[in-house]
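Please read the structure below before turning to the comments.
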Amino acid sequence: VYSLDGILVFGLLFVCTCAYFKKVPRLKTWLLSEKKGVWGVFYKAAVIGTRLHAAVAIACVVMAFYVLFIK
């Protein structure tokens, strides 16, 4: 995460992981129950991942292409 593309990859993976956690019942109650504070970051990332799923998926494909072929 020391470069801009590393930060973008980390952010995309974090949003995708939190959106997946929202679909798993045990993880949803354990990790995504807080909506404020430090733990609220997980909830907010999950909301971004579920509401903007098309844009996040396109961004993941573009970032994968960039990392595999351009970088």
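The values are calculated or read from the model by the stated rules, or taken from the named source; none is laboratory data. All values derive from a computational prediction rather than experimental measurement. Quick reminder, even Gly has a Cβ in these numbers, built from the backbone with ideal geometry, and neighbours come from all protein chains shown. We work out accessible area using only protein heavy atoms, side chains counted, and drop any ligands, DNA or RNA first. Shrake-Rupley method; radii C 1.70, N 1.55, O 1.52, S 1.80 Å.
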So, G37, is that one on the phi > 0 side of the Ramachandran plot and not aromatic (F, W, Y) or not? yes
Looking at the range 27-52, I want the residues that are polar (S, T, N, Q) and have a partner that is in a helix (DSSP H, G or I) and open to solvent by less than 100 Å² (accessible area, probe 1.4 Å) with Cβ atoms under 6 Å, at least 6 apart or on another chain. Which pairs are those? T50/A19
Given the criteria more than 16 Å from A64 (Cβ to Cβ), within 10 Å of the chain's Cα centre (by Cα), among the aromatic types (F, W, Y) and assigned to a helix (DSSP H, G or I), does Y20 qualify? yes
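Answer yes or no: is there a residue in the range 43-60 that is open to solvent by less than 100 Å² (accessible area, probe 1.4 Å) and assigned to a loop (DSSP other than H, G, I, E, B).
Looking for residues that are open to solvent by less than 100 Å² (accessible area, probe 1.4 Å) and assigned to a loop (DSSP other than H, G, I, E, B), one finds at least one in the range 43-60, hence yes.
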